[in-house]
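Notes follow once the structure below has been shown.
The values are calculated or read from the model by the stated rules, or taken from the named source; none is laboratory data. Everything quoted here is computed from the prediction, not taken from an experiment. With ideal geometry, Cβ positions are generated from the backbone for all residues, glycine too; neighbour counts draw on all protein chains shown. We work out accessible area using only protein heavy atoms, side chains counted, and drop any ligands, DNA or RNA first. Shrake-Rupley method; radii C 1.70, N 1.55, O 1.52, S 1.80 Å.
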Amino acid sequence: MVDIPEHLLQRSAEARAKALGISVEQALAEMKGESDPTVISKEPEVKTIDETPAPAAETPAPAAETPAPAAETPAPAAETPAPAAETPAPAVKAEEKPAAKASKADTPEEVDFAPEVKVTQRLLTVVKAKPIQKAASEPVDKVNTWPHLMLPEFVSLMAMTAFLILLSAILQAPLLEEANPNVTPNPAKAPWYFLGLQELLSYWDPQIAGVMIPLVLGIAIWMAFPYIDRNPETHPSKRKFAIMFYTFFLAGAGVLTIIGVLFRGPGWNWTYPWIDGIWFDDLLDWIHFE
């Protein structure tokens with residue numbers, strides 16, 4: 001878990017203590033998990049309605065004034081006190097209602113309590129704020145040709161040119177005599193980059209070693225390889241099949257070239273350079289086995 005700065009914890013604890021009405025130390029302990037969170041329980045408030053029977057006491061007053069006309073009309077005068085006698089009854093019922101409500105509030109079985117609400121506030125981590133609108137563009141896998149490509153290529157070209165000039169000054173590579181069509185050198189070897197193909201000619205027919213293998217392996221397979229290996233990855237560690245195929249090709253070409261340069265002598269027979277010498281003109285002047 002990411003360590004939370006102390007000042008952020010202190011600010012969160014103060015806000016929690018103010019919201020729950022507890023001390024800052026207790027809120028800080030709850031946020032760190034050292035104590036149980038504070039539980040807030042909400043109980044319903046019981047409101048009692050006080051209904052005073054004052055209007056019921058005033059109702060007999062009209063009944064006291066009614067006897068004046070009662071002398072002329074005795075029948076109505078006898079009936080008027082009846083409403084006055086019945087009016088206190090509602091007053092008694094009004095006084096009984098608060099008692100009934102109070103008795104219901106006293107019994108815990110009939111009171112509907114609200115569910116307990118656990119208020120927990122913890123600061124999990126601090127997230128670095130990001131702007132709503134980013135000014136910088138998203139990085140792309142592309143660079144400009146200049147200077148990211150042309151400058152390294154120019155430096156590599158100059159370094160290779162200096163290396164070749166230094167190598168040509170150190171190594172002695174004089175020209176041989178003019179070619180004589182009446183005299184064929186033995187062995188007659190091709191340049192080093194063709195010696196692998198010349199070595200194949202010693203194993204198979206020229207139609208196979210000189211035409212079929214270079215045509216199928218050198219042209220057809222290499223042209224169709226992007227359709228054979230359709231892996232879109234560009235990292236070398238994720239292109240195992242392509243690397244394996246190219247490794248076998250380089251290893252085979254390298255072995256055939258080394259055999260043609262060092263281990264083939266007169267008549268294209270097998271020789272050992274440390275016994276019979278080297279039969280390759282380009283190496284005669286600066287490699288000697290004694």
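For residues that are in contact (Cβ under 8 Å) with a residue 60 or more places away in the chain and under 16 Å from Val39 (Cα atoms), scanning just region 10-26, find the one that is least open to solvent (accessible area, probe 1.4 Å).
Taking the candidates together, the pick is Arg16.
Out of the residues in region 226-251 that are touching a Phe, Trp or Tyr at 6+ places or on another chain (Cβ under 8 Å) and in a loop (DSSP other than H, G, I, E, B), state the one that is nearest to Tyr193 (Cα to Cα).
Asp229
Within the set of pairs 6 or more residues apart or between chains, which connect a residue that is over 19 Å from Leu250 (Cα atoms) inside region 206-219 to a residue that is open to solvent by less than 60 Å² (accessible area, probe 1.4 Å) with Cβ atoms less than 9 Å apart?
The qualifying pairs are Ile208/Leu200.
Might you check whether a residue that is touching a helix residue (DSSP H, G or I) at 6+ places or on another chain (Cβ under 9 Å) and open to solvent by 80 Å² or more (accessible area, probe 1.4 Å) occurs anywhere in region 209-221?
No: zero hits.
Which pairs do you get when a residue that is aliphatic (A, V, I, L, M), found in region 259-277, comes within reach of a residue that is assigned to a helix (DSSP H, G or I), reach meaning Cβ atoms under 7 angstrom, with the pair 6+ apart or on two chains?
Pairs that qualify, where the first residue is aliphatic (A, V, I, L, M) and the partner is assigned to a helix (DSSP H, G or I), are Ile259/Glu199; Val261/Trp192; Val261/Leu195; Leu262/Pro273.
Of the residues Leu151, Leu164, which is part of a helix (DSSP H, G or I), more than 30 Å from Arg264 (Cα to Cα) and out of contact with any Lys or Arg (no Cβ under 9 Å at 6 or more places or on another chain)?
Just one listed residue meets the conditions, Leu151.
Here is a list: Tyr203, Tyr227. Which entry is of a type in the set (Phe, Trp, Tyr) and either closer than 15 Å to Ala253 by Cβ or surrounded by 12 or more Cβ atoms within 10 Å (Cβ to Cβ) (or both)?
Tyr203
Identify the residue in region 244-290 that is open to solvent by 80 Å² or more (accessible area, probe 1.4 Å) and under 44 Å from the mean Cα position of the chain (by Cα) and, among all such residues, is modelled with the lowest pLDDT.
The residue in question is Tyr246.
In region 151-182, how many are open to solvent by less than 100 Å² (accessible area, probe 1.4 Å) and either in contact with a helix residue (DSSP H, G or I) (Cβ under 8 Å, 6 or more places away or on another chain) or modelled with pLDDT of 85 or more (or both)?
Total satisfying the criteria: 15.
Which of the residues spanning region 184-200 are at pLDDT 85 or above, exposed (fewer than 10 other Cβ atoms within 10 Å of the Cβ) and over 60 Å from the mean Cα position of the chain (by Cα)?
Answer for region 184-200, where residues must be at pLDDT 85 or above, exposed (fewer than 10 other Cβ atoms within 10 Å of the Cβ) and over 60 Å from the mean Cα position of the chain (by Cα): just Ala188.
Note down all Cβ pairs under 8 Å where the first residue falls in region 172-189 and is more than 19 Å from Gly265 (Cα to Cα), the second is part of a loop (DSSP other than H, G, I, E, B), and they're at least six residues apart or on different chains.
Gln172/Asp285; Gln172/Trp286; Ala173/Asp285; Pro174/Asp285
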